[in-house]
Structure formats: structure tokens, C-alpha cells
Amino acid sequence: MKLFHIITAIIIPTILFSQNKTIVPKIGTIVFNSREIIIDEVLYQNSMKEFKKKMLAEIKEVAELESSSTDMKTDSIQIKEALQMIDENLSIIFEMKNNLQYRHEFQGNIINSIQNFNGEILEENTIDTKTAMKDNIEYYSLNKVIDLREFKNERKKINGYDCFKITYSYKEESSSGLNDFLSGYINHRELWVTEKIKCAFHPVINDRLILEKYYPLEITEHSDAIKGCETKYSLVNIIIKH
């Protein structure tokens with residue numbers, strides 16, 4: 001009996017420590033899948049129509065400005081072709097969000113960041129975590145984070161990690177000026193995050209303010225641009241060591 005107490009005294013603290021320790025990933029894999037969900041079909045269709053109308057007005061305005069500066073007439077055919085391209089791209093984006101996989105593979109200080117669509121690699125980048133942090137590479141978004149809130153009383157386990165809920169909104173910013181149209185809209189995220197993983201890089205989230213404090217293991221987002229739908233990013237695999 002005395003031997004049992006001695007073994008228990010050694011093993012239980014070790015187990016509790018291993019559950020509570022913070023992991024800085026150096027080896028392993030983290031994988032998320034995305035899924036686009038229509039939560040209100042009527043609102044979604046009406047919002048999509050309004051979004052396309054506003055985008056068409058924006059295209060016309062840009063075309064007219066360019067034509068006035070070059071003394072050329074606005075080409076209505078090109079505008080129609082641009083609108084058709086927008087229609088096609090929105091359909092492709094919706095389909096892709098239902099089949100995208102976001103993957104980080106950790107090998108020491110190197111992270112292989114991979115995006116797959118139906119098993120085909122769309123984008124692949126290598127992140128050297130030492131030089132990335134030192135040189136402050138353009139890994140992080142320029143998004144303006146608004147209204148960050150913590151709900152530490154709302155908790156759940158995700159793959160064994162204790163998580164709590166946070167929410168925040170953001171506006172897209174772009175140094176190139178290409179996203180001026182979208183920057184007028186506010187986007188909203190609900191994250192379930194853990195403080196037991198410390199990593200400044202994430203397969204889905206690239207808002208530095210968030211990653212400095214939390215590591216998201218579940219993400220749901222929607223935009224004021226197109227209402228009635230949301231995108232959910234779910235953790236499908238996590239095997240990491242430090």
C-alpha cells in the first residue's frame with residue numbers, strides 16, 4: 001500500500017503537468033478544413049444581388065475615371081465582361097471554401113504552410129520563424145481589429161485542449177489599394193482559442209494582435225459584404241511537439 005501511494009504521488013503530478021504545460025510547436029502538423037454555410041437563403045440571395053450591384057457601380061466609377069484621364073470612352077462591353085468575371089469568381093470562391101484545407105507542417109524553426117483544394121496544392125510557402133519574426137515579413141494582415149472581446153466563462157475542449165471563446169471584428173486594409181472596395185465592409189469572427197499553444201503563425205488566422213495572445217482551434221466568420229452565410233474552419237488534425 002505504501003508503494004502504491006509513492007507511485008501515485010510521482011505519476012499524478014507528472015500527468016497534470018503534461019496536460020497544463022504550454023507547447024511551442026517544433027515538430028508535427030496542424031490541419032484545418034473550411035466549410036461555407038448558408039444560414040439564411042433569402043438574406044444571402046438578396047445580399048449577393050446588392051453586393052454585385054455595388055461592385056458594378058464601383059467598376060463603372062473606376063472605368064470612367066480612367067477614361068477621363070486618358071480621353072478614351074468607357075467600354076460598356078468590358079464592364080459587362082468584368083461583371084461576368086465577378087459572377088464566376090464568386091461562385092468559384094464559394095465552392096472552394098467548401099473544399100479548402102489549410103496545413104502547417106513544423107520542422108524545427110521551419111513551417112511549411114500549404115493550402116489544398118480537393119487534394120491539389122494551391123499555395124505553398126516556407127516560413128522561417130526566426131527570420132520572419134526578426135525581419136517582420138509581410139506574413140501578417142493589415143486588418144484593423146475592432147471590438148475584441150473575451151468570454152472566458154464559455155469553455156470547451158477541442159482535441160483535448162481547453163479553449164474559451166473570443167470575438168472580434170475587423171476591416172480589411174491593403175497597402176496596394178486593391179481592396180478599397182472591400183475595406184468599406186466590416187468582417188466578424190468568433191474563435192475558440194487556447195493559451196496552451198504558443199505560435200505566432202497560424203494556417204488560417206494572420207492577425208498579429210490575435211496570435212500574440214491566443215491560438216485559435218475553431219473559427220467562424222461572416223462579413224457585412226454578403227450576409228446570410230458564414231465560413232467555418234474546423235480542426236481536423238493536430239499532432240505537435242516542442
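The values are calculated or read from the model by the stated rules, or taken from the named source; none is laboratory data. Nothing here was measured: the structure is a model prediction, and the numbers come from that model. Cβ sites come from the backbone with ideal geometry, for glycine too, and all protein chains shown count toward neighbours. Surface accessibility is based on the protein's heavy atoms, side chains included, excluding ligands, DNA and RNA. Shrake-Rupley method; radii C 1.70, N 1.55, O 1.52, S 1.80 Å.
Could you order peptides 144-153, 99-108 by the average number of other Cβ atoms within 10 Å of their residues, highest first? Each step should come with its number before you reach the end.
Details: 144-153: 11.8, 99-108: 17.7.
Order by mean packing, descending: 99-108, 144-153.
With all protein chains present, how much of the accessible area of the stretch 187-242 (probe radius 1.4 Å) comes from carbon and sulfur, to the nearest whole percent?
Numbers: 990 of 2090 Å².
The computed percentage sits at 47.
Taking 0.36 nm per residue of sequence separation and subtracting the Cα-Cα distance, how much length would be gained by fully extending the chain between Glu138 and Lys54, in nm to one decimal? Before the final figure, lay out each step's value.
Numbers: separation 84, 0.36 × 84 = 30.24 nm, distance 3.01 nm.
In short, 27.2 nm is gained.
How much accessible surface area, in Å² rounded to 10, belongs to the heavy atoms of Leu142 with a 1.4 Å probe?
That residue has around 100 Å² of solvent-accessible surface.
For Ile186 and Ala200 in one chain, what is 0.36 nm times their gap in residues minus the Cα-Cα distance, to one decimal in nm? Present the calculation step by step, with values, prior to reporting the outcome.
On the way: separation 14, 0.36 × 14 = 5.04 nm, distance 2.41 nm.
Roughly 2.6 nm would be gained on extension.
Return the long-range amide H neighbours of Cys229 (sequence gap of 5 or more, or a different chain), with a cut-off of under 5 Å between placed amide H atoms.
Under 5 Å from the amide H of Cys229: Ile39.
What order do Leu56, Leu211, Leu122 take when sorted by accessible area (1.4 Å probe), most exposed first? Please list the in-between numbers first.
Values: Leu56 40, Leu211 15, Leu122 85 Å².
Largest accessible area first, the residues go Leu122, Leu56, Leu211.
Would you mind calculating the gained length between Glu124 and Glu36 on full extension (0.36 nm times residue separation, minus the Cα-Cα distance), in nm to one decimal? If you can, show how the numbers build up before the last one.
Details: separation 88, 0.36 × 88 = 31.68 nm, distance 2.24 nm.
Value of the extension gain: 29.4 nm.
Sort His242, His202 by heavy-atom solvent-accessible area, probe 1.4 angstrom, most to least.
On the way: His242 115, His202 5 Å².
My answer, sorted largest first, is His242, His202.
Could you derive backbone 3J(HN,Hα) for the stretch 222-238 from the dihedral phi with the Karplus parameters 6.51, -1.76 and 1.60 (θ = phi - 60°), listing whole Hz in sequence and x where the residue is Gly or Pro?
Per residue, the Karplus-derived 3J(HN,Hα) values read 8, 10, 5, 5, 10, 8, x, 9, 8, 10, 10, 10, 10, 6, 10, 7, 8 Hz.
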